[in-house]
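*Asks:* One structure follows; several queries about it will come next.
The numbers here are math on the coordinates, done by the rules we state, and not lab data. Values in this document were obtained by computation on a predicted structure and should not be read as measured data. Please note: Cβ atoms are built from the backbone with ideal geometry, for glycine as well, and neighbour counts cover all protein chains shown.
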Amino acid sequence: MRYGVLAFLFAVPLAAADSCVDCHSVLEGKLQAPAKAFANDIHARFGFSCADCHGGNRNETDPEAAMSKARGFVGKIPRTAVPERCAHCHSDASLMEKYKPRQRVDQMAQYRTSVHGKRLASGDTKVATCIDCHSVHDIREVKDPLSPVHPLRLPETCSRCHSDKTHMASYKLPTDQFANYRKSVHWEALAKRGDLSAPSCASCHGNHGAQPPEVGSVAAVCGTCHVMMEDLYKKSPHQPVFAAMGAAGCVVCHSNHEIRPPSVGMLAGPNAVCSQCHDATSAGGIAAAEMARQITSLEKALARSDQVLANAQQSGMEVSEALLRQREGREDLVKAAVAVHAFQAAAVQKPVKEGLTIAAETYQTGVSALQERTHRRLGLLASLIAIALTMLGLWLAIRSIEGRTAKTSQLTER
Ligand code: HEC
Ligand code: HEC
Ligand code: HEC
Ligand code: HEC
Ligand code: HEC
Ligand code: HEC
Ligand code: HEC
Ligand code: HEC
Ligand code: HEC
């Protein structure tokens, strides 16, 4: 009896409130899947349901009446109509305000300006619409780690199309962005070290306005995070010439997707970027060689100190202060790599000089510690020898006493 009342209380309002979910939950395949997935959808959490996107009447249990065209029912929403459907709410500031204060309502406006949006408007349905990035029936809050637009998942979301050669065949675009990005310092930082400040696709391309940053603004894209390099680059002789050449700032030397760990090898040697444009005898070539020489000299000096300090530490000497100083020397190495972006040997000289002073100091500390160790060892050896000699003396003395006693007793026995 009590259970009957409970069942009545729960079952009736639900059945009456949402015939769409009820009926679709017991269908099969493609008709059932949306109803099952919808439990995790943010729209379900906020009390929305099937009819808020598909139209129809959720209070009708008869399928004809529920899915009636007269009530605005749309079955599978055509791709070209998707953004408008979503924007019906998401561009409505007063509606969205009720659910999430200060939520952005410019997704549709932005989307219209993107390559994706423009092409969709012209009837190309192979581009991304809202549901290709956010999924459908399983739409999650963007900060949910399971959301397909979460920074760690986004590269795969974009690459579903952008790495698919057949999907992209009718366009002139390469399909190597994700493959290249996966080899980059940024993916390394993001995916392997969990550093969410490293850029995913949308950090550089924007999300709703997804397009390549315009050539002139690429330095600005990188510079939003790498402020010091941008400041130096902007004042460097390259900025005006690269801009006039139509080349894209940082990308000329670092590439866009496949950004590899930078090193002095970019300045000189077989993989140098500078030699692509400057021959060795030009001002640029000479500057590159000089910067490489300076940075290498600091690298070598620091490595030499590392070695001697490691030896000292292994033999039990106290060199922790010098090891801390070494870190400051490494910071100078980083400062030198930053200063490279002025593209003048003089700019690199200052941090290198400071670093070399530190390296000389720490090397000296290490050498002294090793000398001290040698002294101590010699001292130890001397005392060991002295002890050994004393012991030997004692032993000889004891033996001679024993010898004499033995003789005396032999004599007395006879
Ligand atoms: C009593 C069962 C029942 C109810 C209630 C019901 N549906 Fe359906 N729905 C079906 C069946 C069966 C189909 C597949 C046959 C068809 O297309 O008519 C279907 C198809 C659909 C489709 C896919 C159409 C297509 O073109 O692929 C959508 C979308 C849909 N329903 C949404 C809704 C919504 C929204 C509601 C509530 C307003 C609703 N349904 C209520 C049974 C139901
Ligand atoms: C936030 C908007 C939204 C909500 C809410 C929503 N749908 Fe959909 N639904 C769509 C869109 C957009 C498509 C088209 C998907 C596509 O093109 O792949 C779709 C497609 C479908 C299809 C066709 C699937 C296929 O592959 O043919 C069915 C069936 C369906 N929805 C049922 C439902 C049911 C049942 C609910 C409620 C549990 C629901 N939808 C809630 C937006 C929505
Ligand atoms: C090319 C992929 C892509 C498309 C297409 C796309 N989005 Fe987004 N969307 C994203 C990304 C990425 C985020 C941000 C995630 C983050 O902040 O970490 C986002 C964020 C959002 C947010 C959270 C608020 C905000 O603006 O940051 C909403 C709401 C949203 N999108 C709705 C939509 C709607 C509606 C459409 C269609 C008009 C759409 N999106 C199309 C990728 C996309
Ligand atoms: C009936 C109104 C309505 C429709 C239609 C609608 N949404 Fe929403 N959506 C909301 C509300 C309300 C929220 C919850 C507030 C929020 O999180 O922004 C929300 C949340 C979201 C979020 C999570 C944003 C966040 O805060 O992280 C995304 C993503 C999203 N919707 C995408 C879509 C997409 C894609 C479509 C179309 C397929 C769509 N919505 C259709 C009302 C709607
Ligand atoms: C660190 C910033 C950055 C990240 C991260 C990034 N891109 Fe790019 N992307 C660029 C720049 C800059 C360009 C323009 C290249 C130019 O002008 O030389 C570009 C160009 C593109 C293009 C145009 C075709 C091409 O290859 O030149 C596509 C498509 C693209 N990116 C997709 C992606 C995808 C997908 C991801 C994630 C897997 C991604 N990008 C990650 C900066 C980035
Ligand atoms: C559903 C497939 C699909 C998804 C998902 C998708 N794109 Fe696209 N994208 C395309 C197609 C198709 C084009 C049109 C190519 C053209 O016009 O040259 C395009 C164009 C672009 C362009 C412009 C390239 C140019 O120079 O014309 C950029 C940049 C881009 N997408 C980035 C992204 C990013 C970033 C994501 C993920 C956040 C993403 N796309 C998700 C299909 C997709
Ligand atoms: C959203 C912020 C962001 C953007 C945008 C960005 N980066 Fe980065 N970048 C990072 C982070 C975080 C790291 C990892 C730093 C580390 O290794 O600790 C990094 C690492 C690097 C490194 C390697 C640094 C090192 O010491 O190993 C280079 C080179 C680099 N980025 C160049 C670029 C270029 C070129 C662009 C533009 C095409 C760009 N970045 C755009 C945040 C960003
Ligand atoms: C003309 C070529 C060139 C351009 C343009 C350029 N860089 Fe570099 N960048 C280098 C070289 C060479 C190094 C390596 C220096 C070293 O490690 O000795 C480097 C190193 C870096 C590093 C690593 C610094 C560190 O901490 O070790 C980052 C980050 C970086 N660049 C970002 C940028 C950004 C952002 C831009 C655009 C504002 C840019 N670069 C423009 C040549 C260039
Ligand atoms: C894409 C081609 C290109 C690359 C790569 C490049 N430069 Fe340049 N660089 C130029 C151009 C063009 C100028 C201005 C014309 C000139 O003076 O040669 C210039 C000017 C300079 C100047 C000023 C020369 C003067 O006469 O005052 C220096 C120094 C310089 N570059 C150093 C470097 C270094 C170091 C690298 C590598 C990290 C590098 N450049 C990489 C094209 C390039």
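*Asks:* Between THR281 and THR357, what's the calculated FRET efficiency when r is the beta-carbon distance and R0 is 41 Å? Round to 0.05.
*Replies:* Details: r = 32 Å, r/R0 = 0.78.
Calculated transfer efficiency: 0.80.
*Asks:* Same structure again: Each label point is 7 Å from the Cα along the Cα-to-Cβ direction; what then is the distance between the points at VAL26 and ARG102, in nm?
*Replies:* 4.7
*Asks:* I've got another one for you. Using the Cα centre as the reference, give the magnitude of the dipole from point charges on the C-beta atoms of the chain (Lys, Arg: +1; Asp, Glu: -1; all else neutral), rounded to the nearest 20 debye. Intermediate results must be reported in sequence, preceding the final value.
*Replies:* Working: 47 positive and 40 negative charges, 171 e Å.
Its charge dipole is roughly 820 debye.
*Asks:* How big is the shadow of the Cα convex hull of the range 283-380, averaged over all directions, in nm²? Mind showing how you got there, number by number?
*Replies:* On the way: hull surface 24.2 nm².
Averaged projected hull area, Cα only: 6.1 nm².
*Asks:* Pop out the Kirkwood hydrodynamic radius of the range 213-260 from its pairwise C-alpha distances, inverse of mean 1/r, in Å to one decimal.
*Replies:* On the way: mean 1/r = 0.0938 Å⁻¹.
One over the average 1/r among Cα pairs gives 10.7 Å for the range 213-260.
*Asks:* Okay, moving on. Treat every Asp and Glu Cβ in the range 254-365 as -1 and every Lys and Arg Cβ as +1, leave all other atoms uncharged, and give the resulting dipole magnitude about the Cα centre to the nearest 20 debye. Please report the intermediate quantities before stating the final value.
*Replies:* Details: 10 positive and 12 negative charges, 25 e Å.
That gives a dipole near 120 debye.
*Asks:* Determine, for ARG112, ARG58, the number of other Cβ atoms within 10 Å of each Cβ, and report the residues in order from fewest to most. Could the numbers behind the result be given before it?
*Replies:* On the way: ARG112 16, ARG58 19.
Lowest count first: ARG112, ARG58.
*Asks:* Are any of the pairs LYS192/LYS350; LYS100/LYS143; LYS183/LYS353; LYS235/LYS350; LYS172/LYS235 more than 26 Å apart by Cα-Cα distance, and if so, which?
*Replies:* Numbers: LYS192/LYS350 34 Å; LYS100/LYS143 14 Å; LYS183/LYS353 34 Å; LYS235/LYS350 18 Å; LYS172/LYS235 35 Å.
Pairs exceeding 26 Å: LYS192/LYS350; LYS183/LYS353; LYS172/LYS235.
*Asks:* Tell me the label-point distance for the pair GLN364, VAL227, using the 7 Å Cα-to-Cβ offset, in nm and rounded to one decimal.
*Replies:* 3.7
*Asks:* Can I ask one more? Compute the Cα gyration tensor for the chain, then decide on rounded, prolate or oblate, letting a ≥ b ≥ c be the square roots of its eigenvalues: rounded whenever a/c is under 1.5, prolate when a/b is larger than b/c in the other cases, and oblate in all that remain. All intermediate terms of the calculation are to be shown ahead of the outcome.
*Replies:* Working: a/c = 4.28, a/b = 1.80, b/c = 2.37.
Here the chain falls in the oblate category.
*Asks:* What's the Kirkwood radius of the range 85-241 in Å, using all Cα pairs?
*Replies:* Working: mean 1/r = 0.0570 Å⁻¹.
That comes to 17.6 Å for the range 85-241.
*Asks:* Taking +1 at the Cβ of each Lys and Arg and -1 at the Cβ of each Asp and Glu, which of GLY223, ALA210, SER282 sits farthest along the dipole of the range 189-292 towards its positive end, judged by Cα position relative to the Cα centre?
*Replies:* ALA210
*Asks:* Please name whichever of GLY249, HIS134, HIS341 sits farthest to the positive end of the charge dipole of the chain, dipole taken about the Cα centre and charges placed at Cβ: Lys and Arg +1, Asp and Glu -1.
*Replies:* HIS341
*Asks:* Mind checking the full-extension length gain between LYS300 and LEU146? Use 0.36 nm per residue of separation minus the Cα-Cα distance, one decimal, nm.
*Replies:* Roughly 50.8 nm would be gained on extension.
*Asks:* Just check the range 190-323 against the gyration tensor rule for me: Cα atoms, a ≥ b ≥ c as the square roots of the eigenvalues, rounded for a/c under 1.5, and otherwise prolate or oblate depending on whether a/b exceeds b/c. Don't skip to the end; give the middle numbers.
*Replies:* Details: a/c = 2.97, a/b = 1.46, b/c = 2.03.
Because a/c hits 1.5 or more and a/b fails to exceed b/c, the range 190-323 counts as oblate.
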